[in-house]
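Reading through the structure tokens given below for one structure.
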Amino acid sequence: MSEITMVQAVNDGLRSIMKEDESVLVMGEDVGPKGGVFLATENLTAEFGEQRCFDTPLSEDGIIGVGIGMAMNGLKPVCEIQFQDFIFPAFDQIVSEAAKMRYRSGGQYTVPMTIRTPYGGGIRGGLYHSQSGEAYFAHTPGLKVVIPSTPYDAKGLLIASINDPDPVLFMEPKALYRAFREEVPEGIYEVELSKTREVTPGGDVAVFCYGAMVPVCTEAAKRIKESRNKDVRVVDLRTLMPLDEESVLQAARDCGRVVIVHEAPRFCGYGAELSALIAEHAIETIEAPIKRVAGFDTPFPNTLENYYLPDARRVLDAIEEVLDF
Amino acid sequence: MDDTLQILDETGKKVGKAPRLKRETLLRMYRAIVSTRAFDDRCMKLQRTGKIGFSIPNRGIEATSVGGAAALDAACDWIAPHYRDFAMMFYHGISTEGMFDNMFGNCDDSAQGRQMPVHFSFTEPIKWLSISSPLGTQITNAVGIAEAMKRKKEKGIVLTTFGDGSTSTSGFHSGMNFAGVMGSPMVFLCQNNQWAISCPSEKQTMSESYAIKGEAYGIPGIKVDGNDVLAVYKAVSDAVKRARAGEGPTLIEAVTFRMGGHSTSDDPSRYVDQALFDEWEKKDPLTRFRAYLIAEGHLTDESAAAIEQELADSMMAAAKQAEAKPRPKLGSIFSDVFETMPKHLENQMGECISHFSERDEAVDEKGEFPL
């Protein structure tokens with residue numbers, strides 16, 4: 001047990017599973033001797049050799065296309081897309097090939113591949129180093145979408161994703177890479193996919209969030225406890241597809257008031273699905289409009305990113321609004 | 001075509017050194033071409049009578065497919081194909097009935113009727129990667145399959161096939177580039193049939209050939225007469241040997257001609273001059289190979305006619321069997337999305353089945369209840 005950051009936990013997760021399972025390999029741009037632009041793959045080439053952790057040509061559709069082939073033929077590739085903003089050349093390979101292979105071959109060919117990619121704002125990355133594209137991918141049948149928010153979950157969810165028999169897009173909130181440390185066990189452990197995590201207990205308002213918005217929502221929950229003695233149940237979704245619908249609905253029913261928070265643009269964002277899900281199945285228990293706090297429907301700004309990203313103040317406003325309805 | 005490898009001229013006369021092939025293999029190659037024509041004819045009739053929705057004619061390009069297929073070892077090699085290579089399947093003895101199951105999208109179709117016809121997927125007797133409709137995507141997948149073979153220290157190689165149009169895709173560029181850098185054990189077989197639906201080669205590339213594109217990736221590029229089955233076999237065999245020996249990938253351009261429409265939905269007379277069809281009819285790969293086999297004493301006019309009849313009959317029989325099978329079960333819409341069906345799909349499957357059952361609509365036209 002040692003206290004490590006999220007990016008160290010990702011590194012530790014990769015190292016642990018590579019030690020255990022020879023079929024796991026890591027590939028992507030600059031993941032080799034450099035160890036990745038965020039050092040998530042640091043020392044893996046030195047420890048496991050160039051056949052197990054290697055740099056590829058600069059081509060996202062190539063990285064994913066080649067990874068798919070490896071996965072179909074018995075390996076478990078972990079492909080890194082350096083920034084999620086760069087994933088779109090590989091969109092076709094992810095959506096048309098990886099996600100549909102099992103379905104279109106009746107299970108003759110499968111793609112047990114993990115795609116790791118840092119996403120989200122908070123590092124002054126502007127238009128092309130800040131986006132949160134989870135909704136594009138959660139909309140794709142056959143693809144799992146996982147987003148951790150703590151070092152412990154990052155390691156356990158990553159190992160579970162690598163061991164999963166289906167393709168997983170593992171989106172890492174880069175704003176949290178070095179935000180805090182947490183005790184993380186050594187060796188292999190899994191955090192089960194498709195299970196939410198209750199971050200704070202509470203029965204007054206349910207706040208659904210994931211990734212870098214989890215600490216923002218936790219801060220807002222703390223403040224409302226202090227100011228109005230209200231208990232907010234912050235729920236970290238952890239897996240966006242397939243979603244733990246039961247836990248989401250349970251939290252919504254228990255609290256009767258719902259706020260949904262993500263940094264991606266609001267329109268057709270993941271919050272729209274959550275909101276519809278709750279409206280369809282739990283409307284009778286809902287006492288206030290379901291409120292979304294999200295990025296604006298604009299491209300991601302650079303200088304003014306702090307005004308774009310939801311912060312604790314905006315989340316707090318939304319919580320107060322649903323409480324006072 | 002001066003730099004183009006040719007062994008049989010247009011009349012089937014030997015003009016180069018023929019590869020040493022057993023009579024049995026030569027006849028297997030011949031039968032694969034005849035099977036493909038018979039399959040094409042059957043599918044055209046099935047489509048025109050509304051029994052299947054779609055097919056992809058293969059007429060004219062069969063020598064490229066068969067020459068490529070015959071160079072492989074089905075026990076360890078994979079094919080990552082595009083959609084116009086049926087003769088490869090016949091050469092390797094993929095089940096004809098299984099192919100028709102796909103054409104009809106019935107309950108025995110490996111894809112459970114989820115894909116359009118001709119999007120075949122098989123694992124036996126050779127790994128035939130499930131076909132995708134977007135073009136060029138299989139090329140990088142093939143590199144990955146080959147790299148897995150290398151890492152697992154297997155002796156297999158991957159043959160990936162694609163048309164001239166696919167050389168414009170990012171998949172071709174990325175696949176060639178990755179394979180060049182990684183030295184992947186594979187062969188890129190470009191079936192240059194000169195048309196990407198209606199787009200001719202001169203609008204596809206300004207390169208002097210497709211083979212020359214290999215140079216940019218450090219991969220040897222070879223141009224071969226794609227209607228000469230022995231020349232294609234020779235070129236692909238040499239490339240397979242190189243790949244198996246760890247000497248890296250090869251790009252082969254097989255120059256051929258699509259003697260029909262892109263698909264059963266296409267009318268090529270809108271964009272191909274009849275004169276071109278007339279010119280290429282004289283280079284027909286089937287008549288050329290037949291003339292060679294007759295000259296070599298492997299075949300007679302009578303035995304050739306008997307083979308044609310036999311294979312036409314077997315296509316008819318296989319098609320009838322596939323046509324008689326029921327559709328896939330309604331629940332198959334929801335299976336194989338993930339290995340384990342998640343809760344939301346279980347719910348949707350339940351809703352779907354009860355919706356149609358309540359209205360007695362979950363009964364297909366044959367009166368079967370496909371649940």
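The values are calculated or read from the model by the stated rules, or taken from the named source; none is laboratory data. If you're wondering where the values come from, they're calculated on a predicted model, not measured in any experiment. Ideal geometry is used to build each Cβ from the backbone, glycine not excepted, and the neighbour counts take in all protein chains shown.
Specify the residue that is nearest to the chain's Cα centre (by Cα); the eligible residues are those in the range A:131-157 that are part of a loop (DSSP other than H, G, I, E, B) and closer than 10 Å to A:Y270 by Cα. Checked the range A:131-157; the qualifying residue nearest to the chain's Cα centre (by Cα) is A:G133. Considering each residue of the range A:159-172 in turn, at least one proves to be outside any helix (DSSP H, G or I), surrounded by 19 or more Cβ atoms within 10 Å (Cβ to Cβ), within 13 Å of another protein chain (Cβ to nearest Cβ) and among the β-branched types (V, I, T). Determine which member of the set A:D254, A:D236 is touching a Cys at 6+ places or on another chain (Cβ under 7 Å) and either within 19 Å of A:P148 (Cβ to Cβ) or of a type in the set (D, E) (or both). Exactly one of A:D254, A:D236 is touching a Cys at 6+ places or on another chain (Cβ under 7 Å) and either within 19 Å of A:P148 (Cβ to Cβ) or of a type in the set (D, E) (or both), namely A:D236.
On the given criteria, is B:M103 more than 10 Å from chain A (Cβ to nearest Cβ), surrounded by 22 or more Cβ atoms within 10 Å (Cβ to Cβ) and touching a Pro at 6+ places or on another chain (Cβ under 6 Å)? Considered against the rule, which asks whether it is more than 10 Å from chain A (Cβ to nearest Cβ), surrounded by 22 or more Cβ atoms within 10 Å (Cβ to Cβ) and touching a Pro at 6+ places or on another chain (Cβ under 6 Å), B:M103 comes out as yes. For the range A:85-127, the candidate set comprises residues that are over 26 Å from A:D21 (Cα atoms) and of a type in the set (A, V, I, L, M); within that set, the residue that is farthest from the other protein chains (Cβ to nearest Cβ) is A:I123. Listed residues A:I17, A:I63; which is on the phi < 0 side of the Ramachandran plot, more than 10 Å from every other protein chain (Cβ to nearest Cβ) and of a type outside the set (S, T, N, Q)? Of A:I17, A:I63, the one residue that is on the phi < 0 side of the Ramachandran plot, more than 10 Å from every other protein chain (Cβ to nearest Cβ) and of a type outside the set (S, T, N, Q) is A:I17.
Residue-wise test of (1) more than 19 Å from A:I319 (Cβ to Cβ); (2) surrounded by 21 or more Cβ atoms within 10 Å (Cβ to Cβ); (3) assigned by TED's automatic domain parsing to the domain that holds A:V145; (4) at pLDDT below 95.
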{"position": "A:G202", "(1), (2), (3), (4)": "no, yes, no, no"}
{"position": "A:C209", "(1), (2), (3), (4)": "no, yes, no, no"}
{"position": "A:V216", "(1), (2), (3), (4)": "no, yes, no, no"}
{"position": "A:M241", "(1), (2), (3), (4)": "yes, yes, no, no"}
{"position": "A:V248", "(1), (2), (3), (4)": "no, yes, no, no"}
{"position": "A:E284", "(1), (2), (3), (4)": "yes, no, no, no"}
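Looking at the range B:40-54, is at least one residue among the polar types (S, T, N, Q), without any contact (Cβ under 8 Å) to a residue 24 or more places away in the chain, part of a loop (DSSP other than H, G, I, E, B) and in the same structural domain as B:D266 (by TED's automatic domain parsing)? Yes, the range B:40-54 contains a residue that is among the polar types (S, T, N, Q), without any contact (Cβ under 8 Å) to a residue 24 or more places away in the chain, part of a loop (DSSP other than H, G, I, E, B) and in the same structural domain as B:D266 (by TED's automatic domain parsing). Across the range B:110-138, what is the total count of residues that are closer than 22 Å to B:V236 by Cα, among the aliphatic types (A, V, I, L, M) and within 8 Å of chain A (Cβ to nearest Cβ)? Counting residues in the range B:110-138 that are closer than 22 Å to B:V236 by Cα, among the aliphatic types (A, V, I, L, M) and within 8 Å of chain A (Cβ to nearest Cβ) gives 1.
Somewhere in the range B:139-147, is a residue within 13 Å of chain A (Cβ to nearest Cβ), surrounded by fewer than 24 Cβ atoms within 10 Å (Cβ to Cβ) and within 17 Å of A:V66 (Cβ to Cβ)? Checked against the condition, which is being within 13 Å of chain A (Cβ to nearest Cβ), surrounded by fewer than 24 Cβ atoms within 10 Å (Cβ to Cβ) and within 17 Å of A:V66 (Cβ to Cβ), the range B:139-147 yields no hits at all.
The helices (runs of 4 or more DSSP H) located wholly in the range A:1-83 that include 3 or more residues which are touching a residue at least 60 places away in the same chain (Cβ under 8 Å) and crowded, with 20+ Cβ neighbours inside 10 Å occupy A:6-20. Hey, B:K153 hits all of (1) more than 17 Å from the chain's Cα centre (by Cα); (2) more than 11 Å from chain A (Cβ to nearest Cβ); (3) farther than 22 Å from A:D61 by Cα but one; which does it fall short on? Evaluating B:K153 over (1) more than 17 Å from the chain's Cα centre (by Cα); (2) more than 11 Å from chain A (Cβ to nearest Cβ); (3) farther than 22 Å from A:D61 by Cα leaves (2) as the failure. Of all residues in the range A:66-84, those being aromatic (F, W, Y) and facing chain B (nearest Cβ under 10 Å) number 0.
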